[in-house]
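Take a look at the structure below.
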Amino acid sequence: MKNYNTDSAAIAEVLNNAYFKGIYEGDVSLLGSTFHENALLFGDVKGQPYYKTLAQYLDGVKNRQSPKDSGKPFRGDIRGMAIINSIAVATVQVKMYDLNYYELLSFHAFDGKWLIVNKMISDVQE
């Protein structure tokens with residue numbers, strides 16, 4: 001907790017320069033670099049349960065039209081962050097295609113590098 005400013009800046013860098021960018025461009029290598037290899041994804045999309053392994057998620061990103069190529073607006077915003085020692089949770093909002101996702105991303109610091117270990121997602125109407 002003593003390095004909150006440094007850690008929050010590092011997590012924001014992961015989110016802004018790799019996570020959001022990887023989603024937007026459909027760059028699975030860049031996007032995959034933000035996750036721990038055993039990360040799991042849970043939630044609901046369009047009212048339906050959502051569960052994927054990291055490999056399944058990245059395969060879906062690889063085989064869909066990227067938001068960049070779709071020509072539709074894209075926006076990724078960090079809404080909040082909580083950090084305790086080597087663990088953190090970031091609340092983010094991702095607007096892409098015609099969806100508005102709220103995500104809770106659990107992070108863990110491994111050898112000084114913050115990686116997403118769990119992603120929970122829900123789409124909401126605004």
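The values are calculated or read from the model by the stated rules, or taken from the named source; none is laboratory data. In this text the structure is predicted, and so the values were computed from the model without any measurement. We place every Cβ from the backbone using ideal geometry, glycine too, and count neighbours over all the protein chains shown.
Points worth noting:
- Strands (runs of 3 or more DSSP E) enclosed by segment 1-85 - at least 3 residues per element that are surrounded by 12 or more Cβ atoms within 10 Å (Cβ to Cβ) and not charged (D, E, K, R): 35-45, 75-84
- Count - residues of segment 47-78 that are out of contact with any Gly (no Cβ under 9 Å at 6 or more places or on another chain) and basic (K, R): 2
- Any hit, segment 89-106, residues being of a type in the set (G, A, S) and within 27 Å of N5 (Cα to Cα): yes
- Residue in segment 17-29 that is more than 19 Å from R75 (Cβ to Cβ), β-branched (V, I, T) and modelled with pLDDT of 95 or more present: yes
- Test: M81 is at negative phi, in contact with a Gly (Cβ under 7 Å, 6 or more places away or on another chain) and at pLDDT 95 or above: no
- Pairing each residue of segment 99-121 that is surrounded by fewer than 17 Cβ atoms within 10 Å (Cβ to Cβ) with any residue that is of a type in the set (D, E) and in a loop (DSSP other than H, G, I, E, B), provided the two are 6+ apart or on different chains, yields C-beta distances under 7 Å for N100/E126.
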